[in-house]
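**Q** Got a structure for you, questions after.
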């Protein structure tokens, strides 16, 4: 599992790392730049979080990177039912994409 340690007290961080390393195998990756699909940038004003790369990767994976925005992706008058329509060949891929969209929406 991953963990972020952040504090204005660098001595406190060092002590915590020593304590944790006695109980867990740890690897210090240095300053945080990217974590769980979220880009992290530090400035004088504070810390900013951005999911631009995550969104671009998701668009690329779904083949919609160059797509133009539209008001509605489908005709709103179409009647949906279980008898007609195409069945997803790879339901695992569909579930994975839905999971990524849910993750994106809850980490905004």
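The values are calculated or read from the model by the stated rules, or taken from the named source; none is laboratory data. From a predicted model like this one, the values you see are computed outputs, not experimental measurements. FYI the Cβ positions are ideal-geometry reconstructions off the backbone, even for glycines, and counts take in every protein chain you see.
**Q** I'd like the full set of residues that are under 17 Å from residue 34 (Cβ atoms) and in contact (Cβ under 8 Å) with a residue 24 or more places away in the chain, limited to the stretch 45-77.
**A** 51, 54, 55, 58
**Q** Here's another thing I want to ask about it. When the stretch 1-30 is examined, which residues are found to be more than 21 Å from residue 42 (Cβ to Cβ) and in a helix (DSSP H, G or I)?
**A** The answer is 15, 18, 19, 20, 21.
**Q** While we're looking at this one, here's another question. Is at least one residue of the stretch 50-72 in contact with a helix residue (DSSP H, G or I) (Cβ under 8 Å, 6 or more places away or on another chain), farther than 27 Å from residue 6 by Cβ and either assigned to a loop (DSSP other than H, G, I, E, B) or in the same structural domain as residue 13 (by TED's automatic domain parsing) (or both)?
**A** yes
**Q** For the subset of the stretch 61-70 comprising residues that are surrounded by 11 or more Cβ atoms within 10 Å (Cβ to Cβ) and within 14 Å of residue 93 (Cα to Cα), which member is nearest to the chain's Cα centre (by Cα)?
**A** 61
**Q** Moving on to the next point. When both residues are 6+ apart or on different chains and their Cβ atoms are under 6 Å apart, which pairs have a first residue that lies in the stretch 78-100 and is more than 14 Å from residue 58 (Cβ to Cβ), and a second that is surrounded by 10 or more Cβ atoms within 10 Å (Cβ to Cβ) and at pLDDT 80 or above?
**A** Short answer, once both residue conditions are applied: 88/94.
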